[in-house]
1. In the chain, if the dipole is taken from +1 on Lys/Arg beta carbons and -1 on Asp/Glu beta carbons about the Cα centre, which of Thr143, Leu106, Leu28 is farthest to the positive end?
2. For region 1-52, what is the relative contact order in percent, using Cα pairs closer than 8 Å and at least 6 residues apart in sequence?
3. Which whole-angstrom value gives the distance between the alpha carbon centres of region 163-227 and region 82-125?
4. Rounded, prolate or oblate: pick one for region 142-227, where a ≥ b ≥ c are the square roots of the eigenvalues of its C-alpha gyration tensor, a/c under 1.5 means rounded, and failing that, prolate if a/b is larger than b/c, else oblate.
5. Given Cα pairs under 8 Å that are at least 6 residues apart, what percent is the relative contact order of the chain?
6. What number, in percent, do you get for the relative contact order of region 146-227 if the mean sequence gap of Cα pairs under 8 Å and at least 6 apart is divided by its residue count?
7. If N is the number of residues in region 80-135, what value comes out of its Cα radius of gyration divided by 2.2 N^0.38 Å?
8. Which of rounded, prolate, oblate describes region 1-157, given a ≥ b ≥ c as roots of the alpha-carbon gyration tensor eigenvalues and a/c under 1.5 marking rounded, otherwise prolate only if a/b is larger than b/c?
Amino acid sequence: MSDITSLDPQQGTDLYSTRIASHIFEGLYEFDYLATPAKVVPNTAESMPVVHRQRPYLDDPAEARHTLADDPAFKGRPRELVAEDYVYSITRSLDPNLRGGGDPELTNLIEGARPVVDAARKPGAKLDYDAKIPGLAALDRHTLQIRLTRPDYTMLERLAVLPSYAVAREVVGAAGDKIMQKPVGTGPYAVKEWARSSRVVLEANPHYRRIAFPDSADPAHRELTGG
């Protein structure tokens with residue numbers, strides 16, 4: 001087995017790293033693992049997005065029941081997951097200077113993202129995380145709005161995969177260049193021990209919510225769903 005290299009959802013580039021990180025972090029949506037064919041369902045989002053047809057944008061209502069795992073960056077207080085965390089995390093997924101190299105297609109899809117990303121490509125430049133991207137905004141504490149330059153039917157799938165998963169800005173700031181080794185998310189597990197080239201030990205995240213198998217009308221799933 002190859003050694004993992006990063007547990008940062010926006011900087012994972014190998015299979016083993018991303019598999020472990022997907023148990024530590026969460027996105028707005030996930031794939032319904034009982035559905036055939038596969039479909040996207042809410043995860044940390046309260047419901048499926050409201051899609052406005054006149055202009056292609058999504059309103060994603062995020063629930064207030066998700067708490068990040070404990071970290072010194074939170075100064076001993078529980079830290080709720082909020083819409084601004086997704087603004088920051090999706091912006092990170094576009095950053096051309098991170099290990100993943102950014103996402104050119106998503107950069108072109110989100111209204112106003114291209115100038116911010118292009119500025120970060122200049123020699124010696126960094127992405128300005130305080131620069132306003134018109135198509136990516138927290139309308140309030142629990143509502144994320146994404147405006148697109150054109151209709152795109154892959155957008156939901158993009159919000160259900162690791163590069164769009166939520167990280168906390170204060171954790172990234174406190175960890176600095178160690179952020180790939182200091183994962184803090186809302187998922188079911190947190191890192192207890194990571195011995196490079198040896199082993200990774202995960203422990204249950206005490207703040208993780210109760211979950212249940214998704215509903216299914218398929219008789220083959222009755223034993224799983226309790227139907």
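FYI, it's all coordinate maths here, none of it is from the lab. Nothing here was measured: the structure is a model prediction, and the numbers come from that model. Positions of Cβ are generated from backbone atoms using ideal geometry, with glycine treated the same way; all protein chains shown enter the neighbour counts.
1. Of the listed residues, the answer is Leu106.
2. 22 percent.
3. Using only Cα atoms to place each centre, the spacing works out to 24 Å.
4. oblate
5. For the chain, the relative contact order is 27 percent.
6. 15
7. Taking the Cα Rg and dividing by 2.2 N^0.38 Å, one obtains 1.07.
8. Rounded shape, in that the Cα axes give a/c under 1.5.
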